[in-house]
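All remarks here apply to the structure that follows.
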Amino acid sequence: MVWIFGLYLLNTGFMIIMAIREVRRPAVALNWIAISLIFTVIGFGLYLITSNPIRMNGGQKPASTSNKSEKLPDSYSHSAKVIAQALNHMSVGGLRSGQIQVLINGMKTYERFMESIKNAKKTIDLEYYIYKADQIGRRMTDLLIERSMDGVHIRFIRDGWGSRKLSRTEISRMMDAGIEFRTIFPLRPPWIFSALNNRDHCKIALIDGREAFTGGINIGDEYAGLKPNAGFWRDTHVRIAGEASSDLKNIFEHHWNIASPEQIKSVFRIKTKPGKNGSPIPATTSLPKPFTMMAEWSNELATIQEAHAHKDPGSEKINQAYVQTVEGNPGIPTPFIREAYFRGC
């Protein structure tokens, strides 16, 4: 009986530690205390594995490249100005103006996204929680490889858990074409122990540093209504053009520095040679898979959309708007995104 009492005291001590560590998140503390009551001692071990705060480079919100924060015009209501002011200190760069296009159909989002990729001149930066090697993913990869071969500098960040099914073959294909590839919180020590429950849910795409896509749509068939038994997928994505896209650029750079370089070795490296103006021109070579040109993409996607997805009435309009970008990651002590929801209500 003595050992049972000792185990009780030990578990009580563990619960006190959890309560102190999670004092700013009462709901989380209660959940873990309940788990520790059900799974004595083991519960605390699970807590340490899944909730252990991690040390990230620059554990704070990314610094803005501009100290200029715009103000809402007088035409906006008083409540809108109050909300904008309340969120200002939590946002990356304050209030920014830009052009916004709301995309609520997965297939149309991919069409618009790939059109921007095709028109990229210098850089493409991608960061995704889920990137699959299914029909949508493979075709997206083909297009990225094609653009990299055209001399566009491409960087890619994936989450170690959300994109764990992205095969080594697909990653090698991208790296062989010159795409820089990194994984944030990879599933290997020491990350697997300190970041198992801390994931990168960002979906960010940046084109030439002046156009950005972000929202809820990852790269996969289900977002286009192509996954069997999943039906039509309704999610919201936004395209941002203009100054407002610069804050997403700062967030990507912050995450790029956090992410770990991919350890998959390349099978072969596709070499490029500089052109007359100094830009790289792809050398003649054969690729593992044939490319899908943009025209073929548009035709095929239109056919698939007719057969598998519902059409949204009307077209997404581009509107002038003001944007505040709020970033959150496990290294930021203040839960900015959660706080923004409460302040905006």
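Just a few scattered comments:
- C-alpha center-to-center spacing [region 169-190, region 1-47] in angstrom: 38 Å
- Per-residue ³J(HN,Hα) for region 218-224, Karplus 6.51 cos²θ - 1.76 cosθ + 1.60, θ = phi - 60°, Hz, x for Gly and Pro: 8, 10, x, 4, 4, 6, 9
- Surface composition of region 109-209: carbon and sulfur make up 50 percent of the accessible area, probe 1.4 Å.
- Local electrostatic count, Ile124, Cβ distance below 15 Å [Lys/Arg +1, Asp/Glu -1]: +2
- Solvent exposure, largest accessible area first (probe 1.4 Å, DNA, RNA and ligands not counted), of Val2, Val92: Val2, Val92
- The residues packed around Lys203, meaning those with a beta-carbon under 12 Å from its beta-carbon, carry a net charge of -3 if Lys and Arg are +1 and Asp and Glu are -1.
- Derived scalar couplings ³J(HN,Hα) [region 10-20; Karplus, 6.51 cos²θ - 1.76 cosθ + 1.60; whole Hz; x for Gly, Pro]: 5, 5, 4, x, 4, 5, 5, 4, 5, 4, 5
- Computed over region 151-243, relative contact order equals 21 percent, with contacts defined as Cα pairs under 8 Å that lie 6+ residues apart.
- Label-to-label distance, nm, for residues given as Ser260 and Thr236 (7 Å Cα→Cβ offset): 3.5 nm
The values are calculated or read from the model by the stated rules, or taken from the named source; none is laboratory data. These numbers come from a predicted model, not from an experiment. All Cβ positions, glycine included, derive from the backbone under ideal geometry; neighbour counts span all protein chains shown. Remember, those area values only see protein heavy atoms, side chains included, never the ligands or the DNA or RNA. Shrake-Rupley method; radii C 1.70, N 1.55, O 1.52, S 1.80 Å.
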